[in-house]
Each structure stands twice: as structure tokens, then as C-alpha cells.
Amino acid sequence: MSPTTTAARRNRAGAIPALFALLLTLLGVFAGSAPAVAAEDDPYRISGNVQLDGEPLEGVVLVIDGPGGDQEAETDAAGQWRVGVPERGEEYTVTLDEDTLPEGIAVVDPEDDSPNVKEVEVGAGGRVTVNFFIGEGERNVTSFFDQLVQRTVQGLNFGLMLALAAVGLSLVFGTTGISNFAHGEMVTFGAVAALFLVGLSLPWWLGFPLAVVLGAVFGLVMDMVLWRPLRRRRVAVVQLMIVSIGLSLTLRYIYQFFIGGGTSQLPFSSAPKINLFGSVQMSVIDMVSIGISLVVIVAFALWLTRSRLGKATRAISDNPSLASASGIDVDFVVRVVWVVAGAMASLAGILYAYYRPGIKWDMGAQVLLLMFAAVTLGGLGTAFGALIGAIVVGLLVEVSTLFGIPSDLKYATALLILIVILLFRPQGILGRRERIG
């Protein structure tokens with residue numbers, strides 16, 4: 001083994017503990033940022049009444065989801081409830097827990113399939129009222145098996161979307177050794193570009209592909225302006241990781257400057273659900289998202305395994321020094337990798353904007369840890385491992401809520417499972433054991 005190869009592997013191996021340390025730090029910040037209850041000093045408020053035929057209902061639980069995390073409120077003896085929220089001009093989802101209603105009582109609205117869920121926006125006045133009409137009715141109770149099937153389908157949809165972004169992240173790490181913490185902002189870039197292009201009166205069928213192309217150009221420009229000069233100066237991988245964190249923060253607040261702190265929607269984001277089989281419901285957007293993800297992943301797999309450029313990419317991931325000595329143009333292949341990673345991240349951003357739903361300036365940062373979890377779980381630097389890891393993470397995120405895990409902690413569940421698996425298989429699912437030295 002040559003000294004150059006040994007040094008490269010030692011640098012790459014040394015970056016892994018630093019990466020895990022930083023991930024754990026970010027996870028602690030992420031977990032500690034969600035408030036457990038509504039704060040009295042929050043400047044804005046959502047309130048309402050829950051009554052049955054004019055009589056107040058006490059002890060009814062409502063869940064308010066929006067900026068600041070999930071909050072719970074309970075009606076008092078007068079049937080009233082209220083919570084403080086941190087932002088105005090934002091959308092919040094108010095869900096009445098029908099399990100806390102008296103027996104034989106349900107939320108009734110013949111024109112609404114989900115009358116116990118209301119979408120509200122805190123306006124300029126900072127106050128909004130949400131009332132529920134309660135009456136005698138029959139509550140439909142979905143069995144655990146039906147819920148499991150529904151969550152599994154949703155998990156596959158989320159996992160495939162996450163795989164599009166995670167594969168690009170894994171390719172970049174495998175060929176350059178960079179743990180790119182700005183990859184989440186590359187995901188956001190695709191959604192923001194699609195929003196601006198559609199806002200320019202372009203039809204969605206033209207605006208969305210152009211947003212993916214712009215994502216590829218964005219990846220190319222970042223490599224030419226930033227990463228290639230740093231590689232030529234032989235900057236260590238830990239320093240490169242710190243640069244990516246700074247780039248992530250910069251891009252995040254640039255997005256906020258242009259689109260604001262609110263949530264924007266792409267066309268057809270409110271498409272109705274369709275009963276497919278049993279209790280499984282999906283919108284046309286969800287089915288199209290799964291189809292696009294599968295087609296792109298299969299095309300990427302064929303490119304990586306059959307094409308000359310794909311084989312060169314795999315060779316560089318295995319041993320950059322040997323690939324360069326074999327006549328492979330490493331700089332050109334790395335540039336292509338950045339283009340592919342940018343395009344797939346942008347496509348994932350568009351699909352994620354429909355899955356959330358909505359576009360927000362920090363939407364990529366919300367799934368950044370999940371992308372790293374998928375890459376690490378599948379095996380560092382292996383594209384197919386990132387695919388498998390993303391599907392596993394997507395399923396865990398969606399299914400975990402059926403076992404009593406609060407919805408605001410479901411992402412942490414996937415990271416916990418990651419730690420458990422790595423205790424028994426440190427190299428990941430498809431990773432290889434390597435002796436350093």
C-alpha cells in the first residue's frame with residue numbers, strides 16, 4: 001500500500017469520529033429546540049371553544065402544530081382553550097383529539113372529511129379563534145393493521161424521496177471525503193427555484209425540470225468556485241467539513257432573505273386523497289412522487305454500474321490515488337458527481353415540498369440529519385447503501401408514531417435506531433471493513 005493511499009484513508013477515517021461528534025452535537029441542539037409546552041410570554045395566541053349543543057365540554061385535548069413545534073391544550077370548565085405561538089403570518093394545524101370526547105360524540109361537518117382538523121393562520125393582529133362544532137355521531141376507528149399499512153406506504157414514499165438526496169451526499173463523500181453539511185440547502189434550492197420559476201408564469205411541467213437543471217448548475221458552480229480550489233490546496237477533511245457548515249448557514253439565511261420566514265406552496269399541493277386499497281389513501285401527487293423516485297433511482301443505478309463514467313466514479317470512491325494512476329481524470333469525475341448530486345438534491349427538494357407540504361427557508365436543514373443517518377446506516381461512501389439506509393429511515397420515521405412515539409420525536413427515533421445498528425455493524429449495512437495503517 002502506497003503512503004499516499006494510506007494517508008488518504010487515514011484522513012478519511014479520522015473524519016468519521018469528528019463527523020459523529022458533530023452529529024451528536026447538532027442532534028442535542030435539534031432535540032432541545034422544541035418547546036414542550038406553550039410559553040406564556042409567546043406574543044401571539046390561538047384560542048377557541050369546544051361546545052356540545054351550547055354546553056361547554058371540559059377536558060378535550062387539542063394539538064397545535066406549527067412553528068415552534070407541537071403543543072397541546074385542554075379545554076377548561078367553560079370549554080375554552082388557548083396556546084401561545086411564537087410567530088404571526090404563519091400557518092398552524094389545530095387537531096381535536098376525538099378520543100378525549102365523550103362516548104358517542106364526534107366532530108360533525110358533512111362537507112369536510114376531517115372535521116376535527118383545521119388549518120389556520122395567525123394574522124397581523126396576532127390572534128385567531130378556532131371553534132369546533134360537536135354533535136352526536138359515529139367515529140370511524142381505524143384498526144392498527146390498517147394504520148400500519150398506511151404508514152408503511154407513506155414511509156416508502158418518504159424513504160425514496162430521502163434516497164434521492166442521500167445518494168448524492170454519499171457520492172460526494174465517497175469521491176472527495178467531504179461531509180457536506182450544506183447538502184440540505186441544495187435540497188432547499190430545488191424547491192425555491194421551482195417556486196420562483198412557477199411564479200414567473202412558467203407552467204409546472206416546464207418550471208420543475210428547469211429547477212432540477214438549475215440544481216445541477218448550482219452543484220457545478222459550488223465545485224468550481226469553492227471545493228475544487230480547496231482540494232488543490234489539500235485542505236484537510238475536518239476543515240472542509242467546517243467550511244460546509246458555514247456555507248450551510250450562509251445559504252439558509254439567503255433563502256430567508258428572498259422568500260421570507262413563511263411557508264409557500266407549489267401548485268396542486270392540496271390535491272385530495274384517493275382510496276387505493278383497504279384503508280390506504282394517497283393523492284395523485286404522492287403516487288407521482290413514488291413513480292418519479294423509482295425511475296430516477298433505477299436510471300442512476302444503471303448509470304453507476306453500466307456506464308464508463310459510473311465505473312470511474314466507483315473506482316475513485318474505492319481508491320482515488322489508484323484511479324488517478326490508472327489514467328482516470330479525477331477532477332472531471334468529481335465535477336460530474338457534484339452535478340449529479342445537485343440535480344438529485346433539487347428533485348428531492350421539489351418532492352419534499354409536496355410531502356411536508358410547503359416550502360420554507362430551512363426545510364433542507366430539517367432532513368439533513370436524516371440524510372446523514374441514511375448514508376451512515378447504509379455504509380459511508382456507498383451509493384446503494386445510502387439508498388437502503390434512506391428507505392429504512394423513512395419507514396422508521398413513519399411507523400414509529402404507531403408505537404406511542406410523539407410526532408415531534410419521530411426523527412430522533414430513526415437516529416436512535418442508527419446508533420443501535422452501528423453498535424453491531426460499525427461499517428453500515430453495505431460498508432466494508434478496512435484496516436487502517
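Which members of the stretch 303-324 meet the condition of being of a type in the set (Val, Ile, Thr) and free of Cβ contacts under 8 Å to residues at least 24 places away in the same chain? Show your work before the answer.
Here is the first cut: in the stretch 303-324, the ones of a type in the set (Val, Ile, Thr) are 305, 313, 316.
The answer is Thr305, and nothing else.
The condition of being modelled with pLDDT of 90 or more, open to solvent by 10 Å² or more (accessible area, probe 1.4 Å), of a type outside the set (D, E, K, R) and more than 29 Å from Val192 (Cα to Cα) holds for only one of Ala343, Ala325, Ala312, Ala301, that being Ala312. Here the condition is being in contact with a Pro (Cβ under 6 Å, 6 or more places away or on another chain), at pLDDT below 75 and either among the acidic types (Asp, Glu) or crowded, with 19+ Cβ neighbours inside 10 Å (or both); of Asp42, Asp112, Asp53, it holds for Asp42 alone. Only a single criterion out of (1) of a type in the set (Gly, Ala, Ser); (2) assigned to a helix (DSSP H, G or I); (3) open to solvent by 50 Å² or more (accessible area, probe 1.4 Å) is not satisfied by Ser201, namely (2). Within the stretch 361-385, being in a loop (DSSP other than H, G, I, E, B) and either open to solvent by 30 Å² or more (accessible area, probe 1.4 Å) or within 15 Å of Ser248 (Cβ to Cβ) (or both) holds for Trp361, Asp362, Val367, Leu380, Thr382.
Scan (1) part of a helix (DSSP H, G or I); (2) surrounded by fewer than 18 Cβ atoms within 10 Å (Cβ to Cβ) for the single condition Val334 breaks and write down its number. With respect to (1) part of a helix (DSSP H, G or I); (2) surrounded by fewer than 18 Cβ atoms within 10 Å (Cβ to Cβ), Val334 is out only on (2).
Between Ser264, Ser269, which is hydroxyl-bearing (Ser, Thr, Tyr) and under 20 Å from Phe158 (Cβ atoms)? Before you say what the answer is, go through the steps one by one.
On the way: Ser264 fails: under 20 Å from Phe158 (Cβ atoms).
None of the others qualify; the one that does is Ser269.
All of Gly327, Gly389 fail the test of being over 23 Å from Trp205 (Cα atoms) and without any contact (Cβ under 8 Å) to a residue 24 or more places away in the chain, apart from Gly327. When each of Val117, Val107 is tested for being surrounded by 15 or more Cβ atoms within 10 Å (Cβ to Cβ) and modelled with pLDDT of 75 or more, the lone residue that passes is Val107. Somewhere in the stretch 207-228, is a residue assigned to a helix (DSSP H, G or I), more than 19 Å from Ala345 (Cβ to Cβ) and open to solvent by 40 Å² or more (accessible area, probe 1.4 Å)? Within the stretch 207-228, none of the residues are assigned to a helix (DSSP H, G or I), more than 19 Å from Ala345 (Cβ to Cβ) and open to solvent by 40 Å² or more (accessible area, probe 1.4 Å). Scan Val83, Val149 and give me the residue that is open to solvent by less than 70 Å² (accessible area, probe 1.4 Å), in a helix (DSSP H, G or I) and modelled with pLDDT of 85 or more. Within the list Val83, Val149, the selection yields Val149. Each residue in the stretch 197-226 was checked for being out of contact with any helix residue (DSSP H, G or I) (no Cβ under 7 Å at 6 or more places or on another chain) and touching a residue at least 60 places away in the same chain (Cβ under 8 Å), and 3 of them qualify.
When you scan the stretch 166-173, do you find a residue that is part of a helix (DSSP H, G or I) and open to solvent by 50 Å² or more (accessible area, probe 1.4 Å), even just one?
No; the residues of the stretch 166-173 include none that is part of a helix (DSSP H, G or I) and open to solvent by 50 Å² or more (accessible area, probe 1.4 Å).
Out of the stretch 418-437, which residues are open to solvent by 50 Å² or more (accessible area, probe 1.4 Å) and at pLDDT 75 or above? Correct list: Ile419, Val420, Ile421, Leu423, Phe424, Arg425, Pro426. Residues that are under 17 Å from Ala353 (Cβ atoms) and of a type in the set (A, V, I, L, M) were ranked within the stretch 286-303; the one that is nearest to the chain's Cα centre (by Cα) is Ile290.
Hey, can you tell me all the residues within the stretch 265-302 that are assigned to a helix (DSSP H, G or I) and touching a residue at least 24 places away in the same chain (Cβ under 8 Å)?
Just the residues of the stretch 265-302 that are assigned to a helix (DSSP H, G or I), to begin with: 284-302.
Those that are assigned to a helix (DSSP H, G or I) and touching a residue at least 24 places away in the same chain (Cβ under 8 Å): Ile285, Asp286, Ser289, Ile290, Ile292, Ser293, Leu294, Val296, Ile297, Phe300, Ala301.
The values are calculated or read from the model by the stated rules, or taken from the named source; none is laboratory data. Note that the structure is a prediction, hence the values are computed from the model and not measured. Cβ coordinates were reconstructed from backbone atoms using ideal geometry, including for glycine residues, and neighbour counts include every protein chain displayed. All accessible areas refer to the heavy atoms of the entire protein, side chains included, with ligands and DNA or RNA removed. Shrake-Rupley method; radii C 1.70, N 1.55, O 1.52, S 1.80 Å.
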